[in-house]
2 protein chains.
Amino acid sequence: MLLKSRVKYIQSLGHKKSRQEAAEFILEGPKLLDECLRADPARINAVYALETWLQDHKALLDQIPSAIVEPVSPEELEKISVLQTPNQVLALAQKPEPSEPPARIDMPVLVLDAIQDPGNLGTLVRTADWFGLTHVVCGHGCADQFNPKVVQSTMGSILRMQVSYTDIGTWIRSLADVPVYATMLEGRNIFTMDPIDRGLILVGNESRGLDPALAALATERVTIPRKGHAESLNAAVAAGVVLAALCGR
Amino acid sequence: MLLKSRVKYIQSLGHKKSRQEAAEFILEGPKLLDECLRADPARINAVYALETWLQDHKALLDQIPSAIVEPVSPEELEKISVLQTPNQVLALAQKPEPSEPPARIDMPVLVLDAIQDPGNLGTLVRTADWFGLTHVVCGHGCADQFNPKVVQSTMGSILRMQVSYTDIGTWIRSLADVPVYATMLEGRNIFTMDPIDRGLILVGNESRGLDPALAALATERVTIPRKGHAESLNAAVAAGVVLAALCGR
């Protein structure tokens, strides 16, 4: 049985401040745990799972002898889960050291101005991973990468990608001679552009778009031409289309 | 003050069955209401808004003389809202008659197998609207288009797009000589394809992908080549990239 204090602690990891103090984050479901075990098993600190799941995954648990492993009831899992439908297992993982934004840009890097929705941020990290990027640089206005909803919607990419937080404007100005592509509602038709092998791809806030001060740092403004009537595209979809055009082909 | 029975009624519209019986759906926030007023003002049956908002929008309310208009307190709005942060105004709109899937395909049509996440479904409808499509055909496994979360994430596109529900397999077999593009993890590189002016673009379930029985109806399987390590793309992002390649250029 899970102690009340433990339940409270795990629930507290839904808040950024608690995650910072504890240096732990939540990941849920067999798939994500499996990704974490493949990427870095030493990172798993604790596993809370239904008895049936534990029985079926003894070999897997042997990989992480130092982790706390506790069976929980479906009711207990419900209490600690952040998912609408809890999925058998919840783990606590050690947060990696905060990473620095790259100081030299010899590859494409996705740069996010103020992506506030955790689902969007996670999807963006996952999309960058699909198209072969290794770095995502976030402005301070972005959701926290270790927010449980971000972690879940990265579908494991959070464990592979370098995600750093910085003052984007200052950072971009510190870089010498780097192409900066700003995704805007008006700019060069993205489908007329050649693939790139280096540079920053800037994507702005879900409703306000890109901060004009950042847009001013762009060497090229790019746009996805609208053929129909929607007022805008979802930020993750827009970034997906731009990454596909610049890095996917 | 909002009657308890009214609060209960509005809350019940979160459920598909109640929406079907009442033939009404919820839309929230000034932007979405504005879209609805531009598209079809007669559809608005009721407006519940903060006093300040009502004061500022008298001219707008003059457009809908037959609608119930009631001031609500922030606490009342919180009770009836489905948003995390209620946004000044909530309206009830008349559901349109269910639309039929098109019987002749002389344009590109997005076809969704079993998109269960309301946010994904709404984003897909919005993306199709951006790229100039007019029809989205959903399998019975999809979320309901009038689910409040779907409505919100379409950002107004729900009011312009024809979204119909049907047994997809039966419908496709009833169509003569139609190109059917199935979005899969393996298939022809989407970036090598020419834009299309007609045909079905099939997108499958978020975790299972496309039903093999539907994939078997494809005249062409298409794929977004993976360059990195993510196991898959989010369904809405994948559809965005495919729609961009086939219909966006």
With a ≥ b ≥ c the root eigenvalues of the C-alpha gyration tensor of segment B:55-105, is it rounded (a/c under 1.5), prolate (a/b larger than b/c) or oblate? oblate
Could you give the distance between the Cα centres of segment B:41-97 and segment B:121-150, to the whole Å? 24
Per chain A: cysteines with no other Cys C-beta under 4.7 angstrom? A:36, A:247
Which ³J(HN,Hα) values, rounded to whole Hz and listed in residue order, are derived for segment B:214-221 from phi using the Karplus coefficients 6.51, -1.76 and 1.60 in 6.51 cos²θ - 1.76 cosθ + 1.60 with θ = phi - 60°, glycine and proline given as x? 7, 4, 5, 8, 5, 8, 8, 8
In the structure shown, do any of A:16/B:16; A:17/A:58; A:8/B:4; A:4/B:79; B:17/B:149; A:4/A:31 have a Cα-Cα gap over 25 Å, and if so which? A:16/B:16; A:17/A:58; A:8/B:4; A:4/B:79; A:4/A:31
Peptide B:217-227 - average C-beta neighbours from other chains (10 Å radius): 2
Please give the calculated 222 nm ellipticity per residue for chain B, where each DSSP H segment of at least 4 residues contributes -39500 (n - 2.57) and the sum is spread over every residue; nearest 500 deg cm²/dmol? -9000 deg cm²/dmol
Under 13 Å from the residue B:219 label point (7 Å along Cα→beta-carbon), backbone N, segment B:162-188: B:173, B:175-182
In chain B, what percentage of the DSSP-assigned beta bridges are antiparallel, given to the nearest 5? 30
Alpha-carbon gyration tensor eigenvalues x 5, square-rooted, for the protein assembly as shown, Å: 35, 30, 26
Taking the beta-carbon count within 10 Å as an exposure proxy, list A:6, B:126 from fewest neighbours to most. A:6, B:126
Looking at segment B:133-249, send over the antiparallel percent of its DSSP beta bridges, to the nearest 5. 5
Determine, from the Cβ-Cβ distance of residue A:188 and residue B:39 and an R0 of 30 Å, the FRET efficiency 1/(1 + (r/R0)^6), rounded to the nearest 0.05. 0.45
About the Cα centre of segment A:21-159, what is the dipole size in debye to 20, counting +1 per Lys and Arg Cβ and -1 per Asp and Glu Cβ, all else neutral? 280
Place +1 on the Cβ of every Lys and Arg and -1 on the Cβ of every Asp and Glu in chain A, take the dipole about the Cα centre, and give the residue among A:163, A:139, A:12 whose Cα lies farthest towards its positive end. A:139
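Decide, for segment A:1-81, between rounded, prolate and oblate: order the square roots of the alpha carbon gyration tensor eigenvalues as a ≥ b ≥ c, take rounded if a/c falls under 1.5, and otherwise choose prolate if a/b is larger than b/c, else oblate. Provide the component values of the computation, followed by the final result.
Numbers: a/c = 1.90, a/b = 1.20, b/c = 1.58.
Since a/c reaches 1.5 but b/c is at least a/b, the shape of segment A:1-81 is classed as oblate.
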At R0 = 41 Å, FRET efficiency that the Cβ-Cβ distance of residue A:100 and residue A:70 yields, to 0.05: 0.70
Rounded to the nearest 20 debye, dipole of chain B from Cβ charges on Lys, Arg, Asp, Glu: 240
For chain B, take every pair of Cα atoms, bin their distances at 5 Å starting from 0, and report each bin as a whole percent. 1, 6, 13, 17, 17, 13, 10, 9, 7, 4, 2, 0, 0
So the label point sits 7 Å from Cα along the Cα-to-Cβ vector; using that for residue B:225, what distances do you get to the other copies, in nanometres, sorted shortest first? 2.5
For label points placed 7 Å from Cα toward Cβ, what is the shortest-first list of nm distances from residue B:52 to its copies? 5.1
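Using the 2.2 N^0.38 Å rule of thumb for compact globular proteins, work out how segment B:172-249 stacks up: its C-alpha Rg over that value, please. Write out the running numbers ahead of the final one.
Values: Rg = 12.2 Å, N = 78, 2.2 N^0.38 = 11.5 Å.
After normalising by residue count via 2.2 N^0.38 Å, the value is 1.06.
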Under 18 Å from the Cα of residue B:95 - aspartates and glutamates, other chains or at least 8 residues apart: B:21, B:24, B:28, B:34, B:35, B:40, B:144
Considering only A:88, A:46, A:108, whose Cα is most displaced toward the positive end of the charge dipole of segment A:1-138, charges sitting on Cβ of Lys, Arg (+1) and Asp, Glu (-1)? A:46
Assigned charges on the beta-carbon of Lys, Arg, Asp, Glu; segment A:196-249 dipole about Cα centre (debye): 160
So for segment B:27-142, what percent of the C-alpha to C-alpha distances run longer than 17 Å? 64
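If you wrap a convex hull around the Cα atoms of segment B:122-183, how much volume per residue is inside, in Å³?
Output value, Cα hull per residue: 97 Å³.
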Label point 7 Å beyond Cα of residue A:85 along Cβ direction - residues of segment A:12-38 with amide nitrogen under 15 Å: A:29-31
Shortest first and in nm to one decimal, what separations exist between residue A:176 and its copies in the other chains, measuring from label points 7 Å along the Cα-to-beta-carbon line? 6.9
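None of the figures in this text is laboratory data; all of them are computed from the coordinates on show. These numbers come from a predicted model, not from an experiment. Cβ sites come from the backbone with ideal geometry, for glycine too, and all protein chains shown count toward neighbours.
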